[in-house]
1. With a Förster radius of 22 Å, plug the Cβ-Cβ distance of Asp6 and Arg46 into 1/(1 + (r/R0)^6) and report the FRET value to the nearest 0.05.
2. Quick one: net charge of Arg2's neighbours, Cβ under 14 Å, K/R +1, D/E -1?
3. If I model a spin label at Gln28 and Arg16 as a point 7 Å from the Cα along the Cα→Cβ vector, what separation in nanometres do I get?
4. Nearest 500 deg cm²/dmol is fine: what mean residue ellipticity at 222 nm does the chain get from its DSSP H runs of n ≥ 4 alone, each adding -39,500 (n - 2.57), divided by its residue count?
5. With unit charges on the beta carbons (Lys and Arg positive, Asp and Glu negative) and the dipole taken about the Cα centre of the chain, which residue among Gly38, Leu15, Thr4 sits farthest to the positive side?
6. What is the sum of charges, Lys and Arg at +1 and Asp and Glu at -1, for the other residues whose Cβ falls under 14 Å from the Cβ of Arg46?
7. What relative contact order, as a whole-number percentage, does the chain give when Cα pairs under 8 Å and 6 or more residues apart are counted?
8. If the only charges are +1 at each Lys and Arg Cβ and -1 at each Asp and Glu Cβ, what is the size of the charge dipole of the chain around the Cα centre, to the nearest 20 debye?
Amino acid sequence: MRVTFDDVAALAAALRDAERAHGAHEAQLGHRDEDWPGWYADYILRNYGQDE
C-alpha cells in the first residue's frame, strides 16, 4: 500500500484528521495511547492509502 500527498497542505489535513480520530480513540481507551505514532501511521494508511 502506498500513501502520497500532493502538497504539504494535504498532508497537514490528513494529520489533523488523524489527530481528531486519535482523540476519540484515546477517550474510548480511557488513557493516553503511548503508541500514538503507530496508530497515526495505521490510520493514515487505512484512510488515505492506495493499493499499488
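Rule-based calculations on the coordinates, nothing more; no lab input. Remember, predicted model here, so these are calculated numbers, not experimental data. For neighbour counting, all protein chains shown are included, and Cβ atoms are generated from backbone atoms with ideal geometry for every residue, glycine included.
1. 0.70
2. -2
3. 2.3
4. Roughly -22500 deg cm²/dmol at 222 nm, from the helical runs in the chain.
5. Leu15
6. Around Arg46, the surrounding residues sum to -2.
7. On the way: 30 pairs, mean separation 34.2, N = 52.
This gives 66 percent for the chain.
8. For this selection, approximately 120 debye.
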